[in-house]
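Visitor: The following block contains the structure, expressed as C-alpha coordinates.
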Amino acid sequence: MPSNGDVLAEPLTVSAVSALVRGQVEAVGPVTVVGELSAPKVHSSGHFYADLKDASNTLAVVAWRSTVERWAGIPTHGQLVEVRGKLTTYPARSSYQLQITSLQPAGQGALLAQLEALKAKLQAEGLFAAERKRPLPFLPARIGIVTSPTGAVIADMLARIQARCPRPVLLAPTAVQGPEAPGQIAAAIAALHALPMEQRPELIIVARGGGSLEDLMAFNSEQVVRAVAASVIPVISGVGHEPDVTLCDFAADVRAATPTAAAELTVPVRADLLATLAAEQASLQRMVQQQLALLHTRVATAQRLLPEPTRLLLQANQRLGDLGQRLHHSGPQAVRQARQALTQAERVLAAHHPEAPLQRGYVLLWRDGAVLAADSAPGPAEVQFAHGRRRATLH
(Lines give C-alpha, C1' and ligand atoms only; values in the text may rest on other atoms or scores of the structure.)
Protein backbone atom coordinates (compact mmCIF):
# COMPACT_ATOMS: atom_id res chain seq x y z
CA MET A 1 0.00 0.00 0.00
CA PRO A 2 1.34 3.46 -0.80
CA SER A 3 1.63 6.00 1.97
CA ASN A 4 -0.59 9.08 2.06
CA GLY A 5 -0.07 11.18 -1.02
CA ASP A 6 1.77 8.41 -2.91
CA VAL A 7 0.43 7.15 -6.20
CA LEU A 8 0.98 3.68 -7.57
CA ALA A 9 3.19 3.65 -10.63
CA GLU A 10 0.91 1.28 -12.51
CA PRO A 11 -2.83 1.75 -12.88
CA LEU A 12 -5.01 -0.89 -11.18
CA THR A 13 -8.05 -2.71 -12.41
CA VAL A 14 -11.30 -2.41 -10.53
CA SER A 15 -10.94 -6.00 -9.37
CA ALA A 16 -7.47 -5.30 -8.08
CA VAL A 17 -8.74 -2.36 -6.08
CA SER A 18 -11.55 -4.51 -4.67
CA ALA A 19 -9.09 -7.20 -3.66
CA LEU A 20 -6.83 -4.61 -2.05
CA VAL A 21 -9.71 -3.20 -0.02
CA ARG A 22 -10.93 -6.67 0.92
CA GLY A 23 -7.55 -7.60 2.29
CA GLN A 24 -7.45 -4.50 4.45
CA VAL A 25 -11.01 -5.02 5.78
CA GLU A 26 -10.61 -8.69 6.58
CA ALA A 27 -7.36 -7.96 8.35
CA VAL A 28 -9.40 -6.36 11.12
CA GLY A 29 -10.25 -9.86 12.41
CA PRO A 30 -13.29 -10.98 14.46
CA VAL A 31 -15.29 -8.21 16.07
CA THR A 32 -18.24 -7.95 18.45
CA VAL A 33 -20.77 -5.24 17.61
CA VAL A 34 -23.86 -3.97 19.42
CA GLY A 35 -26.59 -2.31 17.42
CA GLU A 36 -30.27 -2.19 16.51
CA LEU A 37 -31.53 -4.51 13.80
CA SER A 38 -33.24 -2.98 10.81
CA ALA A 39 -35.26 -4.81 8.14
CA PRO A 40 -34.20 -8.36 9.09
CA LYS A 41 -35.29 -11.11 6.70
CA VAL A 42 -34.53 -14.73 5.95
CA HIS A 43 -34.02 -15.52 2.26
CA SER A 44 -35.53 -18.61 0.65
CA SER A 45 -32.01 -20.06 0.75
CA GLY A 46 -32.11 -19.87 4.55
CA HIS A 47 -29.54 -17.05 4.81
CA PHE A 48 -30.25 -14.06 7.07
CA TYR A 49 -29.83 -10.44 5.97
CA ALA A 50 -30.28 -7.19 7.93
CA ASP A 51 -28.76 -3.81 8.76
CA LEU A 52 -27.20 -3.07 12.13
CA LYS A 53 -27.65 0.56 13.12
CA ASP A 54 -26.74 3.00 15.82
CA ALA A 55 -27.55 6.69 16.09
CA SER A 56 -25.51 7.72 13.04
CA ASN A 57 -24.30 4.72 11.01
CA THR A 58 -25.47 1.50 9.38
CA LEU A 59 -23.59 -1.78 8.94
CA ALA A 60 -24.87 -4.53 6.65
CA VAL A 61 -24.86 -7.98 8.30
CA VAL A 62 -25.35 -11.48 6.92
CA ALA A 63 -25.60 -14.92 8.52
CA TRP A 64 -25.43 -18.14 6.55
CA ARG A 65 -28.11 -20.80 6.87
CA SER A 66 -25.92 -23.10 8.98
CA THR A 67 -25.61 -20.31 11.56
CA VAL A 68 -29.29 -19.33 11.48
CA GLU A 69 -30.39 -22.92 12.17
CA ARG A 70 -28.64 -22.80 15.55
CA TRP A 71 -30.56 -19.74 16.75
CA ALA A 72 -33.42 -20.08 19.23
CA GLY A 73 -35.50 -17.79 17.00
CA ILE A 74 -35.24 -15.14 14.32
CA PRO A 75 -34.54 -11.67 15.81
CA THR A 76 -37.02 -8.93 15.05
CA HIS A 77 -36.87 -5.41 13.62
CA GLY A 78 -35.73 -2.84 16.16
CA GLN A 79 -34.26 -5.43 18.51
CA LEU A 80 -31.00 -4.50 20.22
CA VAL A 81 -28.55 -7.32 19.60
CA GLU A 82 -24.95 -8.22 20.14
CA VAL A 83 -23.34 -9.95 17.16
CA ARG A 84 -19.94 -11.48 16.66
CA GLY A 85 -18.36 -12.12 13.31
CA LYS A 86 -15.80 -11.02 10.77
CA LEU A 87 -15.79 -8.10 8.38
CA THR A 88 -15.71 -8.88 4.68
CA THR A 89 -16.45 -7.03 1.43
CA TYR A 90 -18.98 -7.44 -1.35
CA PRO A 91 -16.96 -6.37 -4.44
CA ALA A 92 -19.94 -6.36 -6.81
CA ARG A 93 -21.30 -3.33 -4.96
CA SER A 94 -18.09 -1.95 -3.53
CA SER A 95 -19.50 -2.43 -0.02
CA TYR A 96 -18.51 -4.22 3.11
CA GLN A 97 -20.54 -6.26 5.60
CA LEU A 98 -20.29 -8.20 8.84
CA GLN A 99 -20.59 -11.96 8.45
CA ILE A 100 -22.27 -13.11 11.68
CA THR A 101 -21.06 -16.19 13.56
CA SER A 102 -23.19 -15.67 16.70
CA LEU A 103 -26.09 -13.42 17.70
CA GLN A 104 -27.83 -12.76 21.00
CA PRO A 105 -29.99 -10.02 22.49
CA ALA A 106 -27.94 -7.20 23.96
CA GLY A 107 -28.37 -6.92 27.72
CA GLN A 108 -30.33 -9.18 30.06
CA GLY A 109 -33.40 -6.99 29.90
CA ALA A 110 -33.73 -7.56 26.17
CA LEU A 111 -33.07 -11.27 26.67
CA LEU A 112 -35.81 -11.54 29.27
CA ALA A 113 -38.21 -9.70 26.99
CA GLN A 114 -37.45 -12.18 24.23
CA LEU A 115 -38.05 -15.10 26.60
CA GLU A 116 -41.36 -13.67 27.78
CA ALA A 117 -42.52 -13.31 24.20
CA LEU A 118 -41.58 -16.92 23.41
CA LYS A 119 -43.17 -18.13 26.63
CA ALA A 120 -46.44 -16.38 25.78
CA LYS A 121 -46.42 -17.89 22.30
CA LEU A 122 -45.84 -21.45 23.49
CA GLN A 123 -48.28 -21.10 26.36
CA ALA A 124 -50.97 -19.98 23.93
CA GLU A 125 -50.38 -23.19 22.00
CA GLY A 126 -51.06 -25.21 25.16
CA LEU A 127 -47.53 -26.61 25.55
CA PHE A 128 -47.47 -25.70 29.25
CA ALA A 129 -51.03 -26.80 30.11
CA ALA A 130 -51.43 -28.68 33.40
CA GLU A 131 -53.64 -31.35 31.81
CA ARG A 132 -50.73 -32.40 29.61
CA LYS A 133 -48.62 -33.34 32.64
CA ARG A 134 -48.23 -37.08 33.19
CA PRO A 135 -47.41 -38.93 36.41
CA LEU A 136 -43.93 -40.37 36.75
CA PRO A 137 -43.51 -44.15 36.85
CA PHE A 138 -43.01 -45.42 40.40
CA LEU A 139 -39.99 -47.61 39.65
CA PRO A 140 -38.88 -47.20 36.01
CA ALA A 141 -37.16 -50.14 34.35
CA ARG A 142 -34.73 -47.76 32.62
CA ILE A 143 -33.92 -44.06 32.99
CA GLY A 144 -32.73 -41.82 30.14
CA ILE A 145 -30.56 -38.79 30.94
CA VAL A 146 -29.97 -35.99 28.44
CA THR A 147 -26.98 -33.96 29.59
CA SER A 148 -23.27 -33.41 29.13
CA PRO A 149 -21.28 -36.66 29.42
CA THR A 150 -18.58 -34.91 31.45
CA GLY A 151 -18.61 -32.89 34.63
CA ALA A 152 -20.09 -33.15 38.10
CA VAL A 153 -23.75 -33.15 37.01
CA ILE A 154 -23.88 -36.61 35.47
CA ALA A 155 -21.62 -38.04 38.17
CA ASP A 156 -23.85 -36.69 40.96
CA MET A 157 -27.02 -37.96 39.27
CA LEU A 158 -25.66 -41.46 38.72
CA ALA A 159 -24.41 -41.61 42.31
CA ARG A 160 -27.79 -40.50 43.64
CA ILE A 161 -29.72 -43.11 41.63
CA GLN A 162 -27.26 -45.82 42.67
CA ALA A 163 -27.56 -44.87 46.33
CA ARG A 164 -31.38 -44.73 46.36
CA CYS A 165 -32.35 -47.69 44.18
CA PRO A 166 -30.02 -48.84 41.38
CA ARG A 167 -31.65 -48.78 37.94
CA PRO A 168 -30.20 -49.02 34.40
CA VAL A 169 -29.37 -45.56 33.01
CA LEU A 170 -29.14 -44.60 29.32
CA LEU A 171 -27.03 -41.48 28.77
CA ALA A 172 -27.84 -39.41 25.68
CA PRO A 173 -24.78 -37.10 25.57
CA THR A 174 -25.21 -33.55 24.36
CA ALA A 175 -23.79 -30.07 24.63
CA VAL A 176 -25.69 -28.03 27.22
CA GLN A 177 -24.43 -24.58 26.29
CA GLY A 178 -23.62 -22.72 23.12
CA PRO A 179 -25.22 -22.34 19.69
CA GLU A 180 -25.15 -26.06 18.91
CA ALA A 181 -26.77 -27.13 22.19
CA PRO A 182 -30.48 -26.74 21.25
CA GLY A 183 -30.20 -28.99 18.21
CA GLN A 184 -28.17 -31.59 20.09
CA ILE A 185 -30.58 -31.66 23.05
CA ALA A 186 -33.59 -32.13 20.77
CA ALA A 187 -31.74 -34.85 18.84
CA ALA A 188 -30.83 -36.65 22.08
CA ILE A 189 -34.48 -36.76 23.16
CA ALA A 190 -35.45 -38.09 19.73
CA ALA A 191 -32.70 -40.73 19.91
CA LEU A 192 -34.11 -42.13 23.17
CA HIS A 193 -37.54 -42.38 21.56
CA ALA A 194 -36.06 -44.18 18.56
CA LEU A 195 -34.75 -47.08 20.63
CA PRO A 196 -36.60 -50.44 20.40
CA MET A 197 -39.44 -50.68 22.89
CA GLU A 198 -37.61 -53.21 25.07
CA GLN A 199 -34.64 -50.81 25.36
CA ARG A 200 -36.51 -47.51 25.57
CA PRO A 201 -36.39 -45.65 28.92
CA GLU A 202 -39.60 -45.19 30.89
CA LEU A 203 -38.47 -41.79 32.15
CA ILE A 204 -36.21 -39.01 30.78
CA ILE A 205 -34.25 -36.39 32.71
CA VAL A 206 -33.10 -33.25 30.86
CA ALA A 207 -30.42 -31.66 33.02
CA ARG A 208 -27.50 -29.30 33.38
CA GLY A 209 -25.85 -27.43 36.24
CA GLY A 210 -26.42 -23.84 37.22
CA GLY A 211 -25.20 -20.80 35.34
CA SER A 212 -26.11 -17.35 34.10
CA LEU A 213 -29.18 -16.65 32.02
CA GLU A 214 -27.01 -16.74 28.94
CA ASP A 215 -25.55 -20.10 29.97
CA LEU A 216 -29.04 -21.63 30.26
CA MET A 217 -30.37 -20.21 27.00
CA ALA A 218 -30.28 -23.59 25.22
CA PHE A 219 -33.07 -24.75 27.56
CA ASN A 220 -35.07 -21.64 26.71
CA SER A 221 -34.90 -22.33 22.98
CA GLU A 222 -38.09 -23.09 21.11
CA GLN A 223 -36.49 -26.20 19.59
CA VAL A 224 -35.78 -27.78 22.98
CA VAL A 225 -39.13 -26.77 24.50
CA ARG A 226 -41.02 -28.35 21.60
CA ALA A 227 -38.95 -31.52 21.82
CA VAL A 228 -39.72 -31.86 25.54
CA ALA A 229 -43.42 -31.14 25.02
CA ALA A 230 -43.64 -33.69 22.20
CA SER A 231 -42.01 -36.48 24.22
CA VAL A 232 -44.27 -39.51 24.75
CA ILE A 233 -42.00 -40.52 27.63
CA PRO A 234 -42.49 -38.54 30.88
CA VAL A 235 -39.79 -35.86 31.29
CA ILE A 236 -38.22 -34.33 34.40
CA SER A 237 -36.50 -30.99 33.88
CA GLY A 238 -33.51 -30.53 36.19
CA VAL A 239 -31.85 -27.44 34.75
CA GLY A 240 -29.80 -25.02 36.83
CA HIS A 241 -30.26 -24.37 40.54
CA GLU A 242 -32.86 -22.50 42.53
CA PRO A 243 -34.10 -19.96 41.61
CA ASP A 244 -33.23 -20.71 37.94
CA VAL A 245 -36.33 -21.26 35.78
CA THR A 246 -36.28 -22.12 32.09
CA LEU A 247 -39.00 -22.65 29.50
CA CYS A 248 -37.99 -26.31 29.50
CA ASP A 249 -39.27 -26.47 33.11
CA PHE A 250 -42.76 -25.41 31.97
CA ALA A 251 -42.90 -27.97 29.15
CA ALA A 252 -41.68 -30.91 31.26
CA ASP A 253 -44.04 -33.14 33.23
CA VAL A 254 -42.16 -32.39 36.46
CA ARG A 255 -39.66 -29.66 37.37
CA ALA A 256 -36.85 -30.39 39.79
CA ALA A 257 -34.89 -27.67 41.56
CA THR A 258 -31.52 -29.19 40.65
CA PRO A 259 -30.16 -32.12 38.59
CA THR A 260 -29.56 -34.04 41.83
CA ALA A 261 -33.15 -33.42 42.91
CA ALA A 262 -34.28 -34.70 39.51
CA ALA A 263 -32.35 -37.93 40.09
CA GLU A 264 -34.04 -38.31 43.47
CA LEU A 265 -37.47 -38.03 41.86
CA THR A 266 -36.84 -40.95 39.53
CA VAL A 267 -36.68 -43.76 42.08
CA PRO A 268 -37.73 -44.35 45.69
CA VAL A 269 -35.24 -45.23 48.41
CA ARG A 270 -34.62 -48.96 48.36
CA ALA A 271 -34.35 -49.16 52.15
CA ASP A 272 -37.77 -47.48 52.46
CA LEU A 273 -39.25 -50.00 50.04
CA LEU A 274 -37.82 -52.91 52.01
CA ALA A 275 -39.12 -51.43 55.27
CA THR A 276 -42.59 -50.99 53.73
CA LEU A 277 -42.57 -54.57 52.45
CA ALA A 278 -41.50 -55.87 55.86
CA ALA A 279 -44.30 -53.93 57.55
CA GLU A 280 -46.85 -55.23 55.03
CA GLN A 281 -45.61 -58.78 55.51
CA ALA A 282 -45.89 -58.50 59.31
CA SER A 283 -49.41 -57.07 58.98
CA LEU A 284 -50.40 -59.93 56.67
CA GLN A 285 -49.01 -62.50 59.08
CA ARG A 286 -50.99 -60.95 61.94
CA MET A 287 -54.18 -61.10 59.89
CA VAL A 288 -53.58 -64.77 59.04
CA GLN A 289 -52.90 -65.62 62.68
CA GLN A 290 -56.07 -63.82 63.77
CA GLN A 291 -58.15 -65.73 61.23
CA LEU A 292 -56.64 -69.05 62.30
CA ALA A 293 -57.36 -68.27 65.96
CA LEU A 294 -60.96 -67.41 65.09
CA LEU A 295 -61.38 -70.67 63.16
CA HIS A 296 -59.90 -72.66 66.06
CA THR A 297 -62.40 -71.00 68.43
CA ARG A 298 -65.32 -71.87 66.14
CA VAL A 299 -64.20 -75.51 65.87
CA ALA A 300 -63.86 -75.81 69.65
CA THR A 301 -67.34 -74.34 70.13
CA ALA A 302 -68.81 -76.77 67.61
CA GLN A 303 -67.11 -79.68 69.33
CA ARG A 304 -68.67 -78.70 72.65
CA LEU A 305 -72.16 -78.41 71.15
CA LEU A 306 -72.12 -81.72 69.24
CA PRO A 307 -72.89 -85.00 71.18
CA GLU A 308 -70.21 -87.61 71.51
CA PRO A 309 -70.04 -89.97 68.49
CA THR A 310 -70.07 -93.07 70.77
CA ARG A 311 -73.32 -91.99 72.35
CA LEU A 312 -74.86 -91.34 68.94
CA LEU A 313 -73.89 -94.84 67.80
CA LEU A 314 -75.34 -96.45 70.95
CA GLN A 315 -78.65 -94.62 70.46
CA ALA A 316 -78.85 -95.64 66.82
CA ASN A 317 -78.01 -99.26 67.70
CA GLN A 318 -80.74 -99.31 70.33
CA ARG A 319 -83.37 -98.02 67.89
CA LEU A 320 -82.31 -100.64 65.36
CA GLY A 321 -82.73 -103.36 67.96
CA ASP A 322 -86.22 -102.16 68.86
CA LEU A 323 -87.25 -102.18 65.22
CA GLY A 324 -85.91 -105.73 64.83
CA GLN A 325 -87.91 -106.97 67.80
CA ARG A 326 -91.10 -105.39 66.52
CA LEU A 327 -90.59 -106.89 63.10
CA HIS A 328 -89.97 -110.35 64.62
CA HIS A 329 -93.23 -110.36 66.57
CA SER A 330 -95.58 -108.63 64.15
CA GLY A 331 -94.26 -109.84 60.82
CA PRO A 332 -96.16 -113.21 60.37
CA GLN A 333 -99.49 -111.79 61.54
CA ALA A 334 -99.14 -108.87 59.10
CA VAL A 335 -98.50 -111.33 56.25
CA ARG A 336 -101.62 -113.41 57.09
CA GLN A 337 -103.80 -110.34 57.26
CA ALA A 338 -102.47 -109.14 53.93
CA ARG A 339 -103.23 -112.50 52.29
CA GLN A 340 -106.77 -112.55 53.63
CA ALA A 341 -107.38 -109.03 52.33
CA LEU A 342 -106.05 -110.02 48.92
CA THR A 343 -108.31 -113.09 48.71
CA GLN A 344 -111.36 -111.04 49.62
CA ALA A 345 -110.50 -108.46 46.99
CA GLU A 346 -110.19 -111.18 44.33
CA ARG A 347 -113.63 -112.51 45.21
CA VAL A 348 -115.23 -109.10 44.98
CA LEU A 349 -113.49 -108.45 41.66
CA ALA A 350 -114.68 -111.77 40.20
CA ALA A 351 -118.24 -111.18 41.33
CA HIS A 352 -118.35 -107.80 39.65
CA HIS A 353 -116.65 -108.84 36.43
CA PRO A 354 -118.82 -107.93 33.38
CA GLU A 355 -118.77 -111.51 32.06
CA ALA A 356 -119.71 -113.15 35.34
CA PRO A 357 -123.47 -113.30 34.43
CA LEU A 358 -122.62 -115.25 31.27
CA GLN A 359 -121.59 -118.15 33.50
CA ARG A 360 -125.12 -118.18 34.84
CA GLY A 361 -126.80 -118.41 31.35
CA TYR A 362 -127.14 -114.76 30.45
CA VAL A 363 -125.96 -113.28 27.11
CA LEU A 364 -124.62 -109.93 25.86
CA LEU A 365 -125.76 -108.30 22.65
CA TRP A 366 -123.12 -106.36 20.71
CA ARG A 367 -123.31 -104.07 17.68
CA ASP A 368 -120.36 -102.21 16.21
CA GLY A 369 -118.22 -103.03 19.24
CA ALA A 370 -120.70 -101.64 21.80
CA VAL A 371 -123.18 -103.44 24.12
CA LEU A 372 -126.78 -102.92 22.96
CA ALA A 373 -129.24 -101.26 25.30
CA ALA A 374 -132.84 -102.44 25.84
CA ASP A 375 -134.29 -99.83 23.45
CA SER A 376 -131.86 -100.55 20.60
CA ALA A 377 -133.30 -100.53 17.07
CA PRO A 378 -133.86 -103.81 15.14
CA GLY A 379 -131.02 -104.98 12.97
CA PRO A 380 -127.95 -107.21 12.90
CA ALA A 381 -126.20 -108.00 16.20
CA GLU A 382 -123.80 -110.42 17.88
CA VAL A 383 -124.83 -112.64 20.75
CA GLN A 384 -122.09 -113.39 23.31
CA PHE A 385 -122.48 -116.59 25.32
CA ALA A 386 -120.18 -117.87 28.04
CA HIS A 387 -118.23 -119.79 25.41
CA GLY A 388 -118.30 -117.87 22.12
CA ARG A 389 -120.41 -115.60 19.95
CA ARG A 390 -123.17 -116.01 17.31
CA ARG A 391 -124.63 -113.68 14.70
CA ALA A 392 -128.29 -112.72 15.07
CA THR A 393 -130.91 -110.29 13.85
CA LEU A 394 -133.11 -108.28 16.16
CA HIS A 395 -136.75 -107.81 15.13
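The values are calculated or read from the model by the stated rules, or taken from the named source; none is laboratory data. It should be emphasised that the depicted structure is a prediction, and the values quoted were computed from it without experimental measurement. Cβ placement follows ideal geometry from the backbone for every residue including glycine, while neighbour counts extend to all protein chains displayed. Surface accessibility is based on the protein's heavy atoms, side chains included, excluding ligands, DNA and RNA. Shrake-Rupley method; radii C 1.70, N 1.55, O 1.52, S 1.80 Å.
Visitor: Any idea how far the Cα center of the stretch 354-380 sits from the one of the stretch 117-171, in Å?
Guide: That distance is 115 Å.
Visitor: Tell me, which longest segment in the chain has none of the chymotrypsin sites (Phe, Trp or Tyr not before Pro) that fall in DSSP loops with at most 13 further Cβ atoms within 10 Å?
Guide: Counting at most 13 other Cβ atoms within 10 Å as exposed, the longest clean stretch of the chain is 139-361.
Visitor: Here is a follow-up. Taking the Cβ of I185 as the centre, find all other residues whose Cβ is under 15 Å away and add up their charges (Lys, Arg: +1; Asp, Glu: -1).
Guide: -2
Visitor: So, one more: Is the chain rounded, prolate or oblate when judged by the Cα gyration tensor, a ≥ b ≥ c being the square roots of its eigenvalues, rounded requiring a/c under 1.5 and prolate requiring a/b larger than b/c?
Guide: prolate
Visitor: Could I ask something else about it? Please list 3J(HN,Hα) in residue order for the stretch 43-51, calculated via the Karplus relation 6.51 cos²θ - 1.76 cosθ + 1.60 where θ = phi - 60°; whole Hz, with x for glycine and proline.
Guide: Couplings: 6, 4, 6, x, 7, 10, 10, 6, 10 Hz.
Visitor: So for the pair V14, A129, with labels modelled 7 Å out along Cα→Cβ, what separation do we get in nm?
Guide: Reported label-point gap for V14 and A129 is 6.1 nm.
Visitor: If you don't mind, there's one more thing I want to ask. Which one of L115, L312, L139 has the biggest mean-square fluctuation once the chain is modelled by GNM with Cα springs under 10 Å?
Guide: For the chain, modelled as a Gaussian network with Cα springs under 10 Å, the answer is L312.
Visitor: Which value, to two decimals, describes the C-alpha radius of gyration of the stretch 32-177 once divided by 2.2 N^0.38 Å?
Guide: Dividing the Cα radius of gyration by 2.2 N^0.38 Å gives 1.48.
Visitor: For the chain, with the dipole built from +1 on Lys and Arg beta-carbon atoms and -1 on Asp and Glu ones, taken about the Cα centre, which of L306, S148, P179 lies farthest toward the positive end?
Guide: With unit charges placed on the Cβ atoms, the residue in question is L306.
Visitor: Quick one: compute the contact order of the stretch 160-228, relative version, from alpha carbon pairs under 8 angstrom and 6+ residues apart, as a percent.
Guide: 37
Visitor: Related question: Please go through the stretch 200-229 and write out the GluC sites (Glu not before Pro) that DSSP classes as loop and that have at most 13 other C-beta atoms within 10 Å.
Guide: Of the GluC sites (Glu not before Pro), the ones in loops of the stretch 200-229 whose Cβ has at most 13 other Cβ atoms within 10 Å are E214.
Visitor: Connecting C-alpha atoms closer than 10 Å in a GNM of the chain, tell me which of G183, G29, G73 has the biggest fluctuation.
Guide: Residue with maximal mean-square fluctuation among G183, G29, G73: G29.
Visitor: Note down the magnitude of the dipole of the chain about its Cα centre, charges +1 on Lys and Arg C-beta and -1 on Asp and Glu C-beta and zero elsewhere, to the nearest 20 debye.
Guide: The calculated dipole for the chain is roughly 3160 debye.
Visitor: Here's another thing I want to ask about it. Can you give me the relative contact order of the chain as a percent, contacts being Cα pairs under 8 Å and 6 or more apart?
Guide: Averaging sequence separation for qualifying contacts and normalising by length gives 10 percent for the chain.
Visitor: Hey, what number do you get for the chain at 222 nm if only DSSP H runs of n ≥ 4 count, each worth -39500 (n - 2.57), divided across all residues, to the nearest 500?
Guide: After summing the helix terms and dividing by residue count, I get -13500 deg cm²/dmol.
Visitor: If you don't mind, another one. Please give the length that would be gained between E26 and A194 if that part of the chain were fully extended, namely 0.36 nm times their separation in residues minus their C-alpha to C-alpha distance (nm, one decimal).
Guide: Details: separation 168, 0.36 × 168 = 60.48 nm, distance 4.53 nm.
56.0 nm is the gain from fully extending E26 to A194.
Visitor: Using modelled backbone amide H atoms (1.01 Å from N, in-plane), which distant-in-sequence or interchain residues come within less than 5 Å of V169's amide H?
Guide: Those qualifying (amide H under 5 Å, at least 5 residues apart or on another chain) are I143.
Visitor: Name the shape class, rounded, prolate or oblate, that the alpha-carbon gyration tensor gives for the stretch 226-280, where a ≥ b ≥ c are the square roots of its eigenvalues, rounded holds for a/c under 1.5, and otherwise prolate holds if a/b is larger than b/c and oblate otherwise.
Guide: oblate
Visitor: Now, a different point. Rounded to the nearest whole Å², what accessible area per residue is found for the stretch 216-276 with the 1.4 Å probe? Walk me through the intermediate numbers first.
Guide: Working: 2110 Å² over 61 residues.
On a per-residue basis, 35 Å².
Visitor: Once you have the alpha carbon radius of gyration of the stretch 247-344, what is it after dividing by 2.2 N^0.38 Å, with N set to its residue count?
Guide: Normalised by 2.2 N^0.38 Å, the Cα Rg of the stretch 247-344 equals 3.14.
Visitor: Quick one: how many Å² of E355 are accessible to a 1.4 Å probe, rounded to 10?
Guide: Roll a 1.4 Å probe over it and E355 shows about 90 Å².
Visitor: Next up: How far is the Cα center of the stretch 12-78 from the Cα center of the stretch 215-287, in Å?
Guide: Rounded to whole Å, the Cα centres lie 44 Å apart.
Visitor: Out of all DSSP beta bridges with both ends in the chain, state the antiparallel percent to the nearest 5.
Guide: Percent antiparallel among DSSP bridges in the chain is about 70.
Visitor: Still on this structure, please answer the following. Under a 1.4 Å probe, what is the accessible area of the stretch 280-395 per residue, stated in Å²? Mind dumping the intermediate values first?
Guide: On the way: 10490 Å² over 116 residues.
The answer is 90 Å² per residue.
Visitor: On to the next question. Using modelled backbone amide H atoms (1.01 Å from N, in-plane), which distant-in-sequence or interchain residues come within less than 5 Å of T174's amide H?
Guide: Here T147, S148 satisfy the definition.
Visitor: For the chain, which whole percent of the accessible surface, found with a 1.4 angstrom probe, sits on carbon and sulfur atoms?
Guide: Working: 14370 of 24940 Å².
Of the solvent-accessible surface of the chain, carbon and sulfur hold 58 percent.
Visitor: Taking a ≥ b ≥ c as the square roots of the Cα gyration tensor eigenvalues, with a/c under 1.5 meaning rounded and otherwise prolate when a/b beats b/c, else oblate, which class fits the stretch 144-270?
Guide: Note, shape of the stretch 144-270 comes out oblate.
Visitor: Further question on the same structure: From the backbone phi of the stretch 275-280, what are the Karplus-calculated ³J(HN,Hα) couplings (6.51 cos²θ - 1.76 cosθ + 1.60, θ = phi - 60°) in whole Hz, Gly and Pro given as x?
Guide: Going residue by residue, I get 5, 5, 4, 5, 5, 5 Hz, with x marking Gly and Pro.
Visitor: Something else now. Report the residue, chosen from A374, A300, A141, that carries the largest GNM mean-square fluctuation when the chain is represented by alpha-carbon nodes joined by springs under 10 Å.
Guide: A374
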